[in-house]
Amino acid sequence: MIVEKMMTKDVITLAPTDTIYSALLLINEKKIRHIPIVDQNNYLIGLVSDRDLRDATPSIFRTEEFKEDLYRPISSIMKTNIISGHPLDFVEEIGAIFCENNISCLPIVKEKKLVGIITSSDLLQAFIELTGVNKPGSQIEIKVPHKPGVLYDIYGIFKKRNINIHSVLIYPEKADDTSQILVVRAQTINPFIVVEDLRKEGYEVLWPTVSGQSL
């Protein structure tokens, strides 16, 4: 899935000359956590988060004393060293950027202009859609040899039972580098028939289990 398919395109923005107070009002009104700052050409020049605004807001006990701070331009607190993405980036790669840089939103830029934004909530929704967990079905985890053709063979077993596959995830078996784990999300409420077929073909099924033992 590419970012363009899931990013928010109608992005709420401010100009660098807008005030900290206007940003506070906007975040509270729109229930958002980040505001990209753009110039008159819609070029991305900064980013402000709800945390930045909290840090810049006077204590409720000293509001009158520092009231003028609320009317400083947003450019005085915005971050300018911004990590951004492109509409044709893959969502999976964007997820890695979020983790590596410990960020919770990513402005999406094309030809220097802001065209969208993606947040950690958007990534979670994408993960749900990619894995198919929002669809009725069952999860089956299978330990398989790490060699070509295995996925094709596994698919054939499901096909014989006329069971549709929503998604397949693959991750390494840490204790055995000659094997890997397939996590299959299948369109069936009774996975045990295909589990038995997998066992007959010599595959080790890790989930579902019966009485705590692999089938």
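The values are calculated or read from the model by the stated rules, or taken from the named source; none is laboratory data. Since the structure is predicted, the reported quantities are computational estimates derived from the model, not experimental observations. Cβ atoms come from the backbone with ideal geometry, glycine included; neighbour counts cover every protein chain shown. The area values use the complete protein model at the heavy-atom level, side chains included, leaving out ligands, DNA and RNA. Shrake-Rupley method; radii C 1.70, N 1.55, O 1.52, S 1.80 Å.
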- [ ] Report the full-extension gain for the segment residue 68 to residue 82: residue separation times 0.36 nm, less the Cα-Cα distance, to one decimal in nm.
- [x] 2.3 nm
TODO: Mind jotting down the distance between the C-alpha centroids of the stretch 139-171 and the stretch 103-120, whole Å?
DONE: 36
- [ ] Could you point to the label whose value was computed as Rg/Rh (Cα atoms, Kirkwood Rh) for the structure here, given (1) 1.17; (2) 1.06; (3) 0.96?
- [x] (1)
TODO: Tabulate in residue order the Karplus-calculated ³J(HN,Hα) for the stretch 92-99, using 6.51 cos²θ - 1.76 cosθ + 1.60 with θ = phi - 60°, rounded to whole Hz; enter x for Gly and Pro.
DONE: 4, 5, 5, x, 5, 5, 4, 5
Task: Net charge, residue 178 excluded, C-beta distance under 11 Å - Lys, Arg +1, Asp, Glu -1 - done: -1
- [ ] List the longest stretch of the chain that has no exposed loop site; here a site is one of the chymotrypsin sites (Phe, Trp or Tyr not before Pro) assigned by DSSP to anything other than H, G, I, E or B, with at most 12 other Cβ within 10 Å.
- [x] 67-215
Task: aspartates and glutamates with Cα under 14 Å of residue 9, excluding same-chain neighbours fewer than 8 positions away - done: 122
Task: Accessible surface, per residue, of the chain when the full set of protein chains is kept, probe 1.4 Å, Å² - done: 62
Open item on the list: Of all beta bridges DSSP finds with both residues in the chain, what is the antiparallel percent, to the nearest 5?
Closed with: 95
Task: Amide H contacts of residue 146 (H built 1.01 Å from N, under 5 Å, at least 5 apart or other chain) - done: 179, 180
Open item on the list: Cross-link candidates for residue 159: which lysines have Cα within less than 26 Å, leaving aside residues fewer than 8 places away along the same chain?
Closed with: 135, 143, 147, 200
Task: the chain, helix-only ellipticity at 222 nm - DSSP H runs n ≥ 4, -39,500 (n - 2.57), divided by all residues, nearest 500 - done: -8500 deg cm²/dmol
Task: Under DSSP loop assignment and at most 15 Cβ neighbours within 10 Å, longest GluC sites (Glu not before Pro)-free interval of the chain - done: 1-63
